[in-house]
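Each remark here refers to the structure printed beneath this line.
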Amino acid sequence: GAVVSQHPSWVICKSGTSVKIECRSLDFQATTMFWYRQFPKQSLMLMATSNEGSKATYEQGVEKDKFLINHASLTLSTLTVTSAHPEDSSFYICSATSFDEQYFGPGTRLTVT
Amino acid sequence: GESVGLHLPTLSVQEGDNSIINCAYSNSASDYFIWYKQESGKGPQFIIDIRSNMDKRQGQRVTVLLNKTVKHLSLQIAATQPGDSAVYFCAEKVSGNQFYFGTGTSLTVIP
């Protein structure tokens, strides 16, 4: 089956710094990737839709200047959390679509101290 | 998203029993649904899907039922095993390739 990877799997950073998370589709090309955030014991919340070569579409309430998304190629999308604060600590999950199915990455745990 | 994250409901079942996990979806125009399993600290894994032109679909030990009248999905797991313990989410396709996730249910299998 299709494989999606994320890097890093866990990152701890200090408040005020920026963190970049990578999402790669390893064995297929994904014109669309999605970024989700998940708080403990909660569901996945869609943050943004990332289309290769164009600007990301953000869900209502998600700050586009804080969560920068770049989808430079058909196999890579990046999410940069700028000026991270403790409330940004969460599990960030990307997915890539192939036809109708979504394939999820393993997630990145962000802890902001 | 249309489905808002809440604290997860829980379901405990004895090993070997059948499990039924329910999900209500929000958009009557949604035509494709997926059930995912998520183990702690991992991304969601695809279990089974169903299109709106079907009422029922069966996989290995799992069955998904779709009731479009009341916008309800259920996932039935037969002969539940300890390895089935996880959080289960339903997801509805709302547009293009966008999916919104339901609240999720935490399933615990008691040996």
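In table form, for the structure just shown:
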| quantity | calculated |
| --- | --- |
| Residue that is more than 23 Å from A:C13 (Cβ to Cβ), of a type in the set (S, T, Y), without any contact (Cβ under 8 Å) to a residue 40 or more places away in the chain and buried (at least 18 other Cβ atoms within 10 Å of the Cβ), where the choices are A:T75, A:T49 | A:T49 |
| Enumerated strands (runs of 3 or more DSSP E) restricted to the stretch B:65-111, each holding at least 3 residues that are closer than 27 Å to B:A29 by Cβ, at the interface with chain A (Cβ under 8 Å from one of its Cβ atoms) and touching a residue at least 60 places away in the same chain (Cβ under 8 Å) | B:98-101 |
| Single condition B:S12 does not satisfy, out of (1) within 11 Å of chain A (Cβ to nearest Cβ); (2) part of a strand (DSSP E or B) | (1) |
| Considering residues of the stretch A:84-105 that are in a loop (DSSP other than H, G, I, E, B) and surrounded by fewer than 16 Cβ atoms within 10 Å (Cβ to Cβ) only, the residue farthest from the other protein chains (Cβ to nearest Cβ) | A:H85 |
| Yes/no for B:K42 being within 12 Å of another protein chain (Cβ to nearest Cβ) and assigned to a strand (DSSP E or B) | no |
| Residue match in the stretch A:79-88 (condition: within 21 Å of B:Q45 (Cα to Cα) and at pLDDT 95 or above) | no |
| Those residues of the stretch A:1-55 which are of a type in the set (S, T, N, Q), within 13 Å of A:L110 (Cβ to Cβ) and within 13 Å of chain B (Cβ to nearest Cβ), in sequence order | A:Q6, A:S9, A:Q38 |
| Residue in the stretch A:75-83 that is within 21 Å of A:V3 (Cβ to Cβ), in contact with a strand residue (DSSP E or B) (Cβ under 9 Å, 6 or more places away or on another chain), part of a loop (DSSP other than H, G, I, E, B) and away from chain B (no Cβ under 14 Å) present | yes |
| Residues (aliphatic (A, V, I, L, M), surrounded by 14 or more Cβ atoms within 10 Å (Cβ to Cβ) and closer than 20 Å to B:Y100 by Cβ) located in the stretch B:34-85 | B:I34, B:I47, B:I48, B:I50, B:V64, B:L65, B:L66, B:L73, B:L75 |
| Hits in the stretch B:73-93 - residues which are under 15 Å from the mean Cα position of the chain (by Cα) and more than 23 Å from A:K41 (Cβ to Cβ) | B:Q76, B:A78, B:K93 |
| Restricting the stretch B:94-111 to residues that are of a type in the set (F, W, Y) and modelled with pLDDT of 85 or more, the residue that is nearest to the chain's Cα centre (by Cα) | B:F101 |
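Results for (1) in contact (Cβ under 8 Å) with a residue 40 or more places away in the chain; (2) of a type outside the set (D, E, K, R); (3) assigned to a strand (DSSP E or B), shown as yes or no for each residue.
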| position | (1), (2), (3) |
| --- | --- |
| A:S5 | yes, yes, yes |
| A:K20 | yes, no, yes |
| A:A30 | yes, yes, no |
| A:D65 | no, no, no |
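The values are calculated or read from the model by the stated rules, or taken from the named source; none is laboratory data. The shown structure was predicted, so the numbers you read here are calculated from the model rather than taken from an experiment. Every residue, glycine among them, receives a Cβ derived from its backbone with ideal geometry; neighbour counts consider all protein chains shown.
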